[in-house]
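First up is the structure itself, then whatever we jot down about it.
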Amino acid sequence: MTDATVKLSDAAIRRRMLAEFWFYFSQNRGAVLGLIVFILLVLVAVFAGLLSPHDPTVQYRDALLVPPMWEEKGRAAYILGTDAVGRDMLSRLIYGAQYSLFIGIVVVSIALVGGIVIGLLAGFFGGWVDTVIMRVMDVILAFPSLLLALVLVAVLGPGLTNAMIAIAIVYQPHFARLTRAAVMSEMKREYVTAARVAGAGNLRLMFRTILPNCLAPLIVQATLSFSSAVLDSAALGFLGMGAQPPAPEWGTMLAEAREFILSAWWVVTFPGLAILVSVLAINLMGDGLRDALDPKLKRS
Amino acid sequence: MIRFILSKLLYLVPTFLGITIIAFSFVRILPGDPVLLMAGERGVTPERHAELTAQLGYDKPVVLQYFDFLGRLFHGDFGNSLVTKKPVLTEFLTLFPATVELGLCAIIIATLIGVPVGVLAAIKRGSWFDQISMTTALIGFSMPIFWWGLLLIILFSGILGWTPVSGRIDLLYYFPDVTGFMLIDSLLSGQKGAFTSALSHLILPSVVLATIPLAVIARQTRSAMLEVMGEDYVRTARAKGMPPSRVIGIHALRNAMIPVITTIGLQIGVLMAGAILTETIFSWPGIGKWMIDSISRRDYPVVQSGLLLIAGLVMLVNLLVDLTYGLINPRIRNT
């Protein structure tokens, strides 16, 4: 009986919190716009097969470097034109959305899970465990992130999987630091002591008692890392170290387009625009999330 | 203050050792035999192979090899490039001024535009200027700079024909390296047109490299100003009838600058990462392009020591930022 009432009020509190969160989030017009663009991006990625007019890797030999349809020599079959080997730009851009979202999700998941576990260990146990872990994190943070990712990819071998692992390793210390700081401030609270007195073990204390109360800054950092991951993986692709041709990854597309910058503007412009719009949308969302989740960080 | 500096320095020792371990193990975990790698496609006889392995110390235990590596580092020996056979440190020092020139120019552009824009946006909070500048800053912050560079090349080099596409100066000009900074050396050489040529080569890459730091500085300045302007001492200054220009100039700006200076200092890591991309796009002969070229040429001694030198440098600059911060803000010293 009492159990049921407790559960009910929990759900009600959760609904109330969600409503409050949405209230603050929707105050920020930019954040809502970012969310809409992001949802569109997800839809495009999910329904890429239905939306794209052509196969992204088929080379139409009779249509090399055809300009977009509104240009003089454009053709209606290739709305945004074709690239140097006759592949449809629009289809490649649509499939590229899959790559970007996939990369973002994988990188953030690895970095988040790794960072949370490491940060929890450091913050919870303190002492030499903390010192050793945080020194290792400092070492990783001492390298410019793109450079370290590049060198890691050079060691592991160029390719999308290795690029994602490298970027996740480079991002992970940010999550570890945030988790550690949050855990250390939560550890002093009474509810943690209460749970400990009630006989909760270390694992339960770490993951069930403390972690849920540390999530807000981690969610904000995860959003920001998502956009950085899209940017950095595109940069790695552009430098030839990320996804390998003929994958329709936006950065890789830009690398292939480099020699045509002065002759075919569309092969250069569209992939970059796609990167910019996605990253901007995620960053707008991140700003809104920060405002809504963290009252301490005032609107800036 | 001396205790503060010493503690900061002491703190760096384990980090630096960690960096050397990463740089060292990076070459060790590479698949394949380093000697075979050095020999390249020509191959090597078994006797020569054994001789080289012993000569380079690869037959010793890994831990000993690490201490040898560390010992050589402290003697300034960063190894030789497999491709050019020159010492890595010499190559680094030759190319380094080009990156510094580019980076300095970028940070100057970013600061000179970012700080005033941030201050103005904070003063006129909610105005159209605030909204437009902060939207622009967010776009800049989200910019894939390698694409931004290509767009600027299309516009300014392709369509308008105003700036050259690559390099540091026209090949017509030749003068000795004095400072390593093309702008200063071209002026010192006294050759007509040399300075203009150097400047026109520098302008696009530095704008591209400045983009992200500019956005970060503008956003940071704005939020720091907003925070300070809500403080009691600013209200007091206003209340006692001080003109708004003095309130902002003397009270608000000075205090808001403390976090902004830190932000500017911390952009060095961003600049180094950006330099890799910018130098690649504009064929700028600096450290970033050197690293990329070495990675694709599998010139591992260069990659290893380059990584070490760059990380060490970023660490030193961060230390300087920390110390400056302690200098302007005495409260930090005692924590």
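Observations on the model:
- At 0.890 mPa s and 25 °C, Stokes D of segment A:154-300 from Kirkwood alpha-carbon radius, µm² per second: 136
- Within a Gaussian network of chain B (alpha carbon springs, distance under 10 Å), most fluctuating of B:ILE184, B:ILE132, B:ILE159: B:ILE159
- Volume per residue of the C-alpha convex hull in chain A, rounded to whole Å³: 169
- Ranked list, fewest to most other Cβ atoms within 10 Å of each Cβ, for A:VAL117, B:VAL314, A:VAL279: A:VAL117, B:VAL314, A:VAL279
- Nearest-0.05 FRET efficiency for B:LEU172 and A:LEU43, computed from C-beta distance (R0 51 Å): 0.40
- Spacing of the modelled spin labels on B:LEU70 and B:GLU51, each 7 Å from Cα toward Cβ, amounts to 3.3 nm.
- Here is the list for segment A:1-97: trypsin sites (Lys or Arg not before Pro) lying in DSSP coil, each with at most 13 other C-beta atoms within 10 angstrom of its C-beta, are A:ARG61, A:LYS73.
- Cα centroid of segment B:65-115 to Cα centroid of segment A:180-228, whole Å: 41
- Taking 0.36 nm per residue of separation and subtracting the Cα-Cα distance, full extension of the segment from B:VAL44 to B:ILE258 would add 71.1 nm.
- Cross-link table B:LYS124/B:LYS240; B:LYS86/B:LYS289; B:LYS8/B:LYS86, entries beyond 24 Å C-alpha to C-alpha: B:LYS8/B:LYS86
- Distance-filtered residues of segment A:116-155 - backbone nitrogen under 19 Å, label point 7 angstrom along B:SER7 Cα→Cβ: A:127-128, A:130-132, A:134-135, A:138
- Helical contribution to [θ] at 222 nm, DSSP H n ≥ 4, -39,500 (n - 2.57), averaged over chain B, rounded to 500: -24000 deg cm²/dmol
- Helix runs (DSSP H) in chain B reaching 24 Å along axis by Cα, Kyte-Doolittle at least -1.0: B:2-28, B:88-123, B:194-229, B:253-281, B:300-328
- In nm, spacing of pseudo-spin labels at B:ILE159 and A:VAL113 (7 Å Cα→C-beta vector): 4.7
- Summed over all non-identical Cα pairs, the Kirkwood treatment of segment A:221-300 gives a radius of 13.8 Å.
- Built amide H within the under 5 Å cut-off of B:ASN80, gap 5+: B:VAL88
- Positive-end residue of B:LEU6, B:THR278, B:GLY306, charge dipole of chain B with Cβ unit charges: B:LEU6
- Taking every alpha-carbon pair under 8 Å whose residues sit at least 6 apart, chain B reaches a relative contact order of 25 percent.
- Neighbours of A:ILE103, meaning other residues whose beta-carbon lies under 10 angstrom from its beta-carbon, give a summed charge of -2 when Lys and Arg score +1 and Asp and Glu score -1.
- Annotation for segment B:132-237: trypsin sites (Lys or Arg not before Pro) lying in DSSP loop with at most 13 further Cβ atoms inside 10 Å of their Cβ are B:LYS192.
- The modelled label-to-label distance for the pair A:GLU20/B:SER189, using points 7 Å beyond Cα in the direction of Cβ, is 6.7 nm.
- Cβ-Cβ FRET estimate between A:PHE207 and A:ILE105, R0 fixed at 25 Å, reported to 0.05: 0.70
- Charge tally for A:ALA195 (other residues, Cβ to Cβ under 15 Å; Lys, Arg +1; Asp, Glu -1): +3.
- Chain A, helix-only ellipticity at 222 nm - DSSP H runs n ≥ 4, -39,500 (n - 2.57), divided by all residues, nearest 500: -24000 deg cm²/dmol
- For the protein assembly as shown, the extents of the C-alpha atoms along the principal axes are 80, 68, 63 Å, listed from largest to smallest.
- Estimated FRET transfer efficiency (A:GLN27, B:THR136; beta-carbon r; R0 22 Å; 0.05): 0.55
Any read-out appearing in this document is the output of simple, stated calculations on the displayed coordinates, not a laboratory observation. Nothing here was measured: the structure is a model prediction, and the numbers come from that model. Here Cβ is always computed from backbone atoms with ideal geometry, including for glycine, and neighbour counts include all displayed protein chains.
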